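One structure is given below, encoded as structure tokens.
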Amino acid sequence: QVQLVESGGGLVQAGGSLRLSCAASGIIFVIPTMAWYRQAPGKQRELVATATSGGRTNYADSVKGRFTISRDNAKNTVYLRMESLKPEDTAVYYCNALMMSTNYWGQGTQVTVSS
């Protein structure tokens, strides 16, 4: 059974940094695409960043230059380094794995940025 487990969320002041991790288990091959999404209260879930197993990355305009997504393919783990955090980055962050047209999700980790 595929499981995604996130860690690394928390409370940070504006301008601070956090690093999120997501480890996938129950998979015997390298996941083609992994991503981070976030959902703020009262808003729809939005894509933050994606990373393919080949190293291609993509970012939402709102986080470009501040967030960095990276992967360890051997461990099927994806990371999100978040810097220069803003109060509007406050949300539950979800890890996502896209495999054979199926989306798998982690349970989410809360990130709160205080002003």
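Can you give the convex hull volume per residue for the Cα atoms of the range 27-73, as a whole number of Å³?
On the way: hull volume 4.2 nm³, N = 47.
Considering the Cα atoms of the range 27-73, their hull volume per residue is 90 Å³.
Chymotrypsin sites (Phe, Trp or Tyr not before Pro) within the range 1-80: which are DSSP loop residues with at most 14 other Cβ atoms inside 10 Å? Display every interim value, and only then the final one.
Working: sites: F29, W36, Y37, Y59, F67, Y79; in loops: F29.
The qualifying sites are F29.
Surface composition of the range 1-107: carbon plus sulfur atoms contribute 48% of the solvent-accessible area (1.4 Å probe, protein chains only, all chains present). Counting other C-beta atoms within 10 Å, and keeping those with at most 16, which DSSP coil trypsin sites (Lys or Arg not before Pro) do you find in the range 55-115? Sites meeting the loop and neighbour criteria: R56, K64, R66.
In terms of overall dimensions, the C-alpha atoms belonging to the chain reach 43, 25, 21 Å along their principal axes, ordered largest to smallest.
Solvent-accessible area per residue for the chain at a 1.4 Å probe radius, Å²? List each step's numbers first, then the result.
Working: 6200 Å² over 115 residues.
Per-residue value: 54 Å².
Taking a straight Cα-Cα cut-off under 18 Å and skipping sequence neighbours fewer than 8 places away in the same chain, the lysines within cross-link reach of K86 are K43, K64.
The values are calculated or read from the model by the stated rules, or taken from the named source; none is laboratory data. Because the structure is a prediction, the values reported are computed rather than measured. Cβ atoms come from the backbone with ideal geometry, glycine included; neighbour counts cover every protein chain shown. These area figures cover heavy atoms from the full protein model, side chains too; ligands, DNA and RNA do not enter into them. Shrake-Rupley method; radii C 1.70, N 1.55, O 1.52, S 1.80 Å.
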